[in-house]
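The structure appears right after this line, and notes come after that.
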Amino acid sequence: MSILKHFNRTFMLLTGFVLALQHEYLSTPITPPAGMEWVRAPAMIFLSLACMVAFRIVWRYSYMFAASAGAAVVMIYSMLFYLTGSFATRHSIAPGLGSPYPPMVGLSWSEVGGEFIFWNGIGIVMLMTLLLLSGSICARVKPTTFAAPLLIFYTALITFAMPWITNVFYRLDSLIIVIGVILALILKRSRPVFLVAVGLALFLPEFFAMMFIYSLFFFPVFEFAKLPFDRPKRLEAACILLICVCAYSLTLLPYISEGALAHGRGGDHFDKECENRLKAYAGFLKAYARANAGFTPNAQTMEELIEQLKPFSSGKFPSATYSHDVKFCPSSVPFEREPSRYSWDASCANRPVAELDHFPVTCTYENCRRCGDHLLLDDLQSDK
């Protein structure tokens, strides 16, 4: 029962990381933003080399086996890490991992830094765990020259075939849950493993199915030898931790230097925010006109307009950050280092609202699609 309680706590913790922006993905070595896809290949090579060094200096494997096993570990890590993040995104559990989209360079450390560290922390833990498991299970195996290419080939084959294999199993719908739990009990014969499998099947059935199917195909490579698990010593674990943290952190430098901690897509979700903000301006201008004989504010700049509309905005004009500052288009905030500002047409200052032929506040962000100018003007001039 303690394992189930621990799982429930972990699940509830993950549910707290809800997306602030519905299409936000975090930048990791395997999920770079658009325009930085080049990072993925050197990052995977660098992590493979780091794992090779760990296999060589910690467990004294041959260079050939260490190189192939290191690449195998990185391939396993890449698939599991990506699928973990994509499932999290699909189930709205947390800001997850996804395909390359435009970098959100306008989001600072204070806005996405926590999620960036959280997900890359998961990546480090996952990589270190796979490295420790692989090295410890094989600690009593004397790898030969032919075993290394076989391991890397088999791992690559199963890893890249998993999306198609998993898709076939998903078509079985809920039947895979029952079959998976039964097989987990028969093959593992371990109560803790069984309880964890039941928890995964109940709360994240798709993720459980993917994990279990993968384990059936890959882990027989290790289980075939029927060797006991050789627990790593503290010094070995510390060495693995240091190698993984240092190597992984270096792969994140391109994102940190460019400020591309997260990436995502714009579209209707962001455009709607801009539309709602312009509609709010129409409502505030209407309230001002009602209190001033039907005239617009006598303002020459956007800052003057906001100052005169504040009494009619019910406190909705804060100016702390870009994302809350009403001078800026909320659709441009995530994607631009200097977000686009709204523009006030000074020729419409101190004029009767009924005589305006266009809406005086406009969005200057080129990529923003919003409701038509005539709709905003109709909203401003309506008496309802």
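Just so you know, all these numbers are worked out from the coordinates, no wet-lab data involved. All values derive from a computational prediction rather than experimental measurement. Cβ: placed from backbone, ideal geometry, glycine included. Neighbour counts: every protein chain shown.
Descriptive notes on the structure:
- In a fully extended conformation the segment linking Lys310 and His358 would gain 15.0 nm over its present Cα-Cα distance, using 0.36 nm per residue.
- Backbone amide hydrogens, once placed in the peptide plane, bring Ala262 within less than 5 Å of Ser27, Met104, excluding anything fewer than 5 places away on its chain.
- 12 Å beta-carbon shell around Gly96, net charge (K/R +1, D/E -1): -1
- Within the shell of other residues whose beta carbon sits under 13 angstrom from the beta carbon of Cys239, the net charge comes to +3, with Lys and Arg scored +1 and Asp and Glu -1.
- Ranked by the mean number of other Cβ atoms within 10 Å per residue, highest first, peptides 72-83, 39-50 order as 72-83, 39-50.
- Mean Cβ neighbour count within 10 Å, used as a protection proxy, ranking 286-293, 24-31, 333-340 highest first: 24-31, 333-340, 286-293
- Local electrostatic count at Leu261 - Lys and Arg +1, Asp and Glu -1, tallied over other residues with Cβ under 11 Å: -4
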